[in-house]
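The values are calculated or read from the model by the stated rules, or taken from the named source; none is laboratory data. What you are looking at is a predicted structure, and each value in this text was computed from that prediction instead of being measured. FYI the Cβ positions are ideal-geometry reconstructions off the backbone, even for glycines, and counts take in every protein chain you see.
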Amino acid sequence: MELRNLRHFVALADERSFTRAAARELIVQSGLSSSVRALEKDVGALLFVRGTRPVRLTSEGEALVPVARQVLDAAESARQAVRDARGVLSGRLRIGAMHTIGHTLPFTSWIARFALAHPGVDVTVGQLPAVRMLEMVGAGELDCAVMPLVPPYSEGLEVVPLLEEPVVLACAPDHPLADGAPVTLERLAAERFVDTPPGWAIRVQADRAFRDAGLTRRTVCEVGEWPMLLDLVAAGVGVALVPEGLDFSLHARPAGPLRLVPLADAGLGRRVDLLLPKGHAASPAARRFAELVRRDCPAAEGE
């Protein structure tokens, strides 16, 4: 079984398109098809359902994907071990990040310093919902992720705490709750909410808090971007639960400044962690990035 064939198989499984997978691997489509057929011959099973668009994996193909990723990662670790002996880091670093990461942590500075210190590493950053990032780190689709806490974490993941901050209520200046007095969940149950999508960590936390309290709430508008959400709140469309650490000065509100109101009984807070596989299951680049973060972040040092 050739590593090249496994790599082409994973590319096709990711892209679900022969055209995109071939472009990603810098080969012609016929070469990709031949590589996949050779792998199917090696494992003795069809890995893709022929004639479907997008390309669909067979049950055997689904079973092979995580194992193929592990084999490719192990091969890269072996190559990196030799490079480490020469003091050179290369390969790639795939990082997941929440949409507001730059507002509360020096994430851009971490990326810049890592990229300049290790020019042989290609870095990609994807801003994704927290639940999806957790799945991707566990499946080997991301090398690490800087993300809000969405328990339970897998036992196979290393968790580096970065920061904790309270969650507060954001409302328009003329809203009845804008006087600043702490507000209870029971009082908020009657409000109209502007919300983030279900996969976002703060939405998961809020839904759980209301559910645990035996309360329901109405989401009248759902958006996947903090500036738009804050604009809608300022315009009076509804209220929102937001992390206190957002840099509200970065985006001027056309309808006026927002009011931030503490929560009286929710106990809601946002904790942000760096997640990566434990030990040698993590890529060399992820381990080196984690070392940089630990040196730079007081919360990580006090883990």
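In segment 93-104, the residue that is nearest to Ala282 (Cα to Cα) out of those that are touching a residue at least 12 places away in the same chain (Cβ under 8 Å) and outside any strand (DSSP E or B) is Met98. The requirement of being without any contact (Cβ under 8 Å) to a residue 40 or more places away in the chain and in a helix (DSSP H, G or I) is not satisfied by Ser77.
Selection of first residues in segment 220-236 that are on the phi > 0 side of the Ramachandran plot and of second residues that are crowded, with 19+ Cβ neighbours inside 10 Å and hydrophobic (A, V, I, L, M, F, W, C), restricted to Cβ pairs under 6 Å at least 6 apart or on distinct chains, gives the following pairs, ordered by first then second residue: Gly236/Ala172. Number of residues in segment 105-121 that are free of Cβ contacts under 8 Å to residues at least 24 places away in the same chain and either among the acidic types (Asp, Glu) or outside any helix (DSSP H, G or I) (or both): the value is 1. In segment 14-56, the qualifying residues are those that are in contact with a strand residue (DSSP E or B) (Cβ under 6 Å, 6 or more places away or on another chain) and either touching a residue at least 40 places away in the same chain (Cβ under 8 Å) or in a loop (DSSP other than H, G, I, E, B) (or both), and the one that is surrounded by the fewest Cβ atoms within 10 Å (Cβ to Cβ) is Arg56.
Starting from residues that are assigned to a loop (DSSP other than H, G, I, E, B) and surrounded by 15 or more Cβ atoms within 10 Å (Cβ to Cβ), keep the ones in segment 153-181 and report whichever is modelled with the lowest pLDDT.
We begin by selecting, within segment 153-181, every residue assigned to a loop (DSSP other than H, G, I, E, B); these are 153-156, 172-181.
If we keep only those that are surrounded by 15 or more Cβ atoms within 10 Å (Cβ to Cβ) too, we end up with 153, 172, 175, 177-178.
On the way: Tyr153: 70, Ala172: 92, His175: 93, Leu177: 93, Ala178: 91.
Among those residues, the one meeting the criterion is Tyr153.
Out of the residues in segment 71-83 that are surrounded by fewer than 14 Cβ atoms within 10 Å (Cβ to Cβ) and not β-branched (Val, Ile, Thr), which is modelled with the lowest pLDDT? Outline the logic, then answer.
So the first thing to find is which residues in segment 71-83 are surrounded by fewer than 14 Cβ atoms within 10 Å (Cβ to Cβ), and the list is 74-75, 78-79, 81-82.
Retained after the next criterion (residues that are not β-branched (Val, Ile, Thr)): 74-75, 78-79, 81.
Working: Ala74: 86, Ala75: 87, Ala78: 82, Arg79: 80, Ala81: 75.
Checked segment 71-83; the qualifying residue modelled with the lowest pLDDT is Ala81.
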